[in-house]
Every structure is written in structure tokens, then in C-alpha cells.
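Structure first, then comments.
The values are calculated or read from the model by the stated rules, or taken from the named source; none is laboratory data. Small disclaimer: the values here were computed from a predicted structure and weren't measured. Cβ coordinates were reconstructed from backbone atoms using ideal geometry, including for glycine residues, and neighbour counts include every protein chain displayed. Ligands, DNA and RNA are excluded from the accessible area calculation, which covers all protein heavy atoms including side chains. Shrake-Rupley method; radii C 1.70, N 1.55, O 1.52, S 1.80 Å.
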Amino acid sequence: MDPNAHKKARLVNRLSREELLKKLESETFRRITLSFYRYVIIDNPDQMRDRLFEMWSRLNCLGRIYVAREGINAQMNVPEHHFDQFKQELYAIPEFENIPFKIAIEHDNKSFIKLTVKVRKKIVADGLNENEYDVTNVGRHLTAREWNEMMKLPNVKIVDMRNFYESEVGHFEGALLPQAETFREELPEVLNMLRGCEDDPILLYCTGGIRCEKASAYLRHHGFKNVNQLHGGIIDYYRQVKEEGLENRFLGKNFVFDNRLGEHISPDIIATCHQCGKPCDTHRNCANKACNILFIQCEDCAREYEGTCSPACQEVIHLPLEEQKKLLRQVKQRKTFMRYRRWKPECS
């Protein structure tokens, strides 16, 4: 028997969702939502994972963190009164010394309800072999001011390196918007979109910068000579815009991968409700857990369809609870449960 089995068993959350939400509702302090990443060799990801989980559990941090041999990718929130200690303890780990944070634009204390730290093969799933890119050979990192200036260049190609449901609610003016559902699908799509533009200035952007690190290295590997990326992504772009009084060239909302599902960068609403077509940029997950599709729904349709994406799913949520659980088990057994997929008028 593993002598550390008892210790390892403690290094996971044991509370139910209802208990976690009740605990969160009772909090009287503010939480700071932030994200950070770093490509750095971690010799023992499992050991690092346990160290971080113990440290952040003690500080009552919540979030979703991936650790791999190639580095760390974290989205989380930290109690404001523990923030200085959080930084001090994280920076004391040599691999994460002075790692830069992207602080969220909007805070509601509910961005995450539990702490999850997982070991992965890669911190961003890209589907690439190691010989298809060199992550140290990346594009030029641009400040918000430099980004705005380069957007004016002739023949410039601005590329959104996020998934289609992210760019649907917000993107930079004039950007190319790939229609991929995952980053691994997006890389070859972007390569095909840019064929023949190897000498043109390429501007890449994403939420916080992590996907652009690999995307820029991938394009440079394939012969693109003038590859640039927005340093710190959309999150830090907006911070710089506010602090320096720059023109904001981003339209709409920045999609985020936590319970908020988005934060406004500009007041523009560039998307529409998937059910009635009214201007709307509010993402929801279908209230039918056996569907759970991510879609855009206005308040009127949310009331009419009770938070579901279709009349078929609306019928399901009125079935007895055991019937709903049975449907959910069947979906999971078929491995067809997806958090994101393209909108369909009726769920199959």
C-alpha cells in the first residue's frame, strides 16, 4: 500500500456543490480573480501539484489550475486579505518567481467555487508534436500602445486565437475569426487562413496570452517572418488602455473560463440571442444537465424557456429527478457530453 495514500486522499475537495455555494455565499470579504501562466520545466509535476494544493487550500484560494512538465496555467481567485501572502509564497517557488498576474476586470466573488489543481501532459492542449514548434522561438510581444499602432499597418493580419464562442461576443476590429471549437483545431485552420501572407505583419491575440505563445511559435516554424502577439492578452490590454488613456480597439465582451463567462471591455453588444435574435452577449449553459450546451440567451428567452436551449430540453427539466439523472448517466456513458458545441435549434 502507498504510504502516502492517506495524505493524497486529503488533497482534493470533499464538499458538494451545494455546500461549496453555501460557504461562498456566507463570505464577507472580497476575492481577487486573476490568471497567470509560465512555460518552465517542472521536474516533478505531481509533487508540484500537491505543494500548490496544500498552499492554496490553507489560504482559501479557489480556481482551476493545470500543472505539466512544460509549466503552469492558472485561473483562480484569492481572498483579498491573503493576496500579499499568496504572492510571497508563490514567488518563493523558483519556477514561479515574479510570475506576472492578469487581474480580472470585473469581480463578483463567484468566479470559482472550489480549488482544482490537476496534472496534465500540456498546460494548453494543442495536438502538436514537439518538432512542430519551438516555444522559445515566439513572436514579438506588443504593449497595448504598440498593438494599436500596428493595427494601422497596410496588409496587417489580426488573428483571434480563441474559439468561435469566445470571439462571437467580442473581438478586435477587423480581426480574422477562426470557427474552430478547440485550440488544437484552430492552429491548422489559422495556418490555412494565412497561406500566402508569410511576409505580412501578423498580430495574434487571446484572453491572457498563453495560446499566442504556442501559436506564434507554430507560425514562425511554418515560415511566417513578422509574427507579433498581444502581451498579456485582452485582459492586460484593457488595463493598459485605462491606465494610459489609449483608444480601445476591442469591441464587446471578453469571454472568460469561469462562472462569470465574460467581462465587458466595451459597451458594444455584437452578438445576438440564439433563440430570438435580439442583441445579447450573455452566455449560459442549458439548464438540462444532459445537454449542458453553452449558448447565448437573452433574459426574455431565459424566462420563456426556463434557462434551457430548446423546447425539447425544457420538457426534460420537468421530468422526475430520477429520470433526469438517468438521461445524464446515459449521455456520460456514450461520452457525448460536451460543454461547448455549435448552436442547434433543437437538441438531439
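Key figures
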read-out	value
At 0.692 mPa s and 37 °C, Stokes D of the chain from Kirkwood alpha-carbon radius, µm² per second	150
log₁₀ of I(q)/I(0) at q = 0.17, 0.19 Å⁻¹ - region 64-181, Debye sum with one point per alpha carbon	-1.32, -1.44
Which listed pairs, of 122/242; 242/278; 22/118; 152/278, have C-alpha distances above 28 Å, in listed order	122/242; 242/278; 152/278
Rounded if a/c under 1.5, otherwise prolate or oblate - region 201-265, Cα gyration tensor axes	oblate
Förster radius 35 Å - calculated FRET efficiency between residue 134 and residue 47, Cβ distance, rounded to 0.05	0.80
Cβ-Cβ FRET estimate between residue 185 and residue 103, R0 fixed at 41 Å, reported to 0.05	0.85
Relative contact order for the chain, counting Cα pairs under 8 Å that sit 6 or more residues apart, in percent	13
Placed amide H near residue 160: partners under 5 Å, 5+ positions off or other chain	176
For q = 0.10, 0.15 Å⁻¹, Debye-computed log10 I/I(0) when each Cα of region 195-333 counts as one equal scatterer	-0.54, -0.89
P(r) tail fraction, region 41-102 - alpha-carbon pairs more than 20 Å apart, %	17
Lys, Arg +1 and Asp, Glu -1 on Cβ, resulting dipole of the chain about Cα centre, debye, nearest 20	1220
Set of lysines near residue 325 by C-alpha distance (under 21 Å), chain-local residues within fewer than 8 positions excluded	289, 335
Accessible area in the full protein assembly, largest first, 1.4 Å probe, for 91, 133	91, 133
